[in-house]
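Q: Take a look at the following structure, please.
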Amino acid sequence: MIMTHRMLIAACVSASIAGIAAPARAATLWAGGFYGAAKDAAINDPEDRGDELYDEGREAIEEGKYERAVDRFTRLAEMKTSRTDAALYWKAYSLSKLGRRADALGTLADLQQQFKDSRWLKDAKALEVELRQASGQPVSPEAQSDEEVKLMALRALMQSDADRALPVLEQLLAGNSSPKVKDRALFVLSQSNSAKAREVITNVAKGSANPDLQLRAIRYIGMMGDNQSRQALADVYRASNDAAVKRAVLRSYMLSGDRERLLVVAKSETAPELRGEAVQQLGVLGAANELGQMYQSETSVDVKKRILQAMFVGGASAKLIDLAKTERDPQLRTTAIRNLGLMSASQTGDALTSIYRSDTNADVRKAVINALFVQNNGHAMVELARAEKDPQMKKDLVSKMSNMGKSKEITDYLMELLK
């Protein structure tokens, strides 16, 4: 059955009055790809999705939710990313906490068989010994309380006698203590201003411990924020061939506010995913001028799209408006318009309306309609619909308005169309 124009309008009025917009609008947002530009790259990049699963799994361990941790690390291991060996180790660790020793040992065997050169092997073998020693025995509550005592002692040591504490902390990091104790030891060191503590953390960041501690150390160095720490991060980035390590360094550059080094990576790094990560972190820092300069000299369309997303993340509405009006590449222009739609109507609504009125390209005008829809900018859409002479474009506007929330202005306009 073909719906007539008046039937379409009547349906729109009904939808608007009934307020059914939320589910329909959410579905349209998803179908149109407007579910957050900052997340687009992460969803499409297996390594970024792997990082997300990894963080969720570690958080679950910290909260004692080991079933959830097993689920996250199982899914991560199945993705076959650069963190598969880490996923297998933490899956085995979580299984051991659940008392599933046979499953944990099987997972450790998979790790040791598949990754003979993994930096997780030392921790895996230590966990295997612990599991075999405990085979057939219940988990000891005393062991758990001993660990908590260690964590309390670590905090007190650095406050009372840092010189005596440092060697103990180094031994904990190098020995067979649980990952949780090692992580806390690293955190305690990061709270110290001593040169020796910084040296220990830097060594871990360069790869002297397991990969997980290395990434934590890189983050802690970024939080220090001084020039010496930034140089240490640069040394780690230059020395490593591990993409996960390099991404961690780029994120720590952002934590330390190091725009200069991020810009160097964004311009010179040969790996596209790392260039994109540097661009994204520049956006978080609000480096609008640097991103604008880079956009003008960049030749890769994909990298330019990341720059546009970074401008959105950094709130650089003026730069995005300029590019949405002047960019000659239709794909990039619609990307700029889409990102403008993710900003508030008060920031970009007038600019989007202006682009719609001045441009004759149907794809550009449709991109503006979608952007205004995402903003829930009913006022602008009603204004454009009233002035629109093209029947198809008017139909697109009315169709989008039918999926928006309760709005007297929209309802009144739709009622006008029925008269």
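Each reported figure results from applying straightforward, stated rules to the coordinates on display, with no laboratory input. These numbers were taken from a predicted model, which means no experiment stands behind them. Note that we place each Cβ from the backbone using ideal geometry, even for glycine, and neighbour counts take in every protein chain shown.
Q: For the range 47-136, please report how many Lys pairs fall under 20 Å Cα to Cα, leaving out neighbours fewer than 8 apart on the same chain.
A: Taking the Cα cut-off of 20 Å, the pair count is 10.
Q: Just rank MET393, MET223, fewest to most, by other beta-carbon atoms within 10 angstrom. Could the numbers behind the result be given before it?
A: On the way: MET393 17, MET223 11.
With the sparsest Cβ surroundings first, the list reads MET223, MET393.
Q: Which order do peptides 67-74, 87-94, 198-205, 160-167 fall in by mean Cβ count within 10 Å, highest first? Intermediate values should be presented prior to the final figure.
A: Values: 67-74: 20.6, 87-94: 26.4, 198-205: 22.1, 160-167: 13.6.
Order by mean packing, descending: 87-94, 198-205, 67-74, 160-167.
Q: Cut-off under 21 Å on the C-alpha distance; same-chain residues fewer than 8 positions from LYS325 excluded. Which lysines are left, in chain and number order?
A: LYS304, LYS305, LYS366
Q: Treating only the Cβ of Lys, Arg, Asp and Glu as charged (+1, +1, -1, -1), what charge dipole size does the range 186-264 show about its Cα centre? Round to the nearest 20 debye. Before the final figure, lay out the partial values.
A: On the way: 12 positive and 7 negative charges, 21 e Å.
In debye, rounded to 20, the range 186-264 gives about 100.
Q: Could you give the length gained by full extension between GLN191 and LYS419, i.e. 0.36 nm per residue of separation minus their alpha carbon distance, to one decimal place? Could you put the intermediate results ahead of the total?
A: Values: separation 228, 0.36 × 228 = 82.08 nm, distance 7.10 nm.
Gain on stretching GLN191 to LYS419: 75.0 nm.
Q: Note down the nm distance, to one decimal, between modelled labels 7 Å out along Cα→Cβ at ASN176 and at LYS406.
A: 6.6
Q: Going by average Cβ neighbours within 10 Å, how do the peptides 256-265, 114-123 rank, with the highest at the top?
A: 256-265, 114-123
Q: Taking the number of other C-beta atoms within 10 Å as the exposure measure, put THR353, THR270 in order starting with the fewest.
A: So the ranking, lowest neighbour count to highest, is THR270, THR353.
Q: Please arrange THR334, THR299 by how many other C-beta atoms lie within 10 Å of their C-beta, fewest to most.
A: On the way: THR334 20, THR299 6.
Lowest count first: THR299, THR334.
Q: Given the options ALA134, SER82, ILE61, identify the residue whose Cα lies farthest towards the positive end of the charge dipole of the range 47-136 (+1 on Cβ of Lys, Arg; -1 on Cβ of Asp, Glu).
A: ALA134
Q: If the viscosity is 0.692 mPa s and the temperature 37 °C, what Stokes-Einstein diffusion coefficient in µm²/s follows for the range 60-114 when Rh is the Kirkwood radius over Cα pairs? Can you show the working numbers first?
A: Values: Rh = 10.8 Å.
Result for D is 304 µm²/s.
Q: Taking the Cα centroid of the range 206-277 and of the range 302-370, what is the distance between the two, rounded to the nearest whole Å?
A: If you average the Cα positions of each part, the centres end up 31 Å apart.
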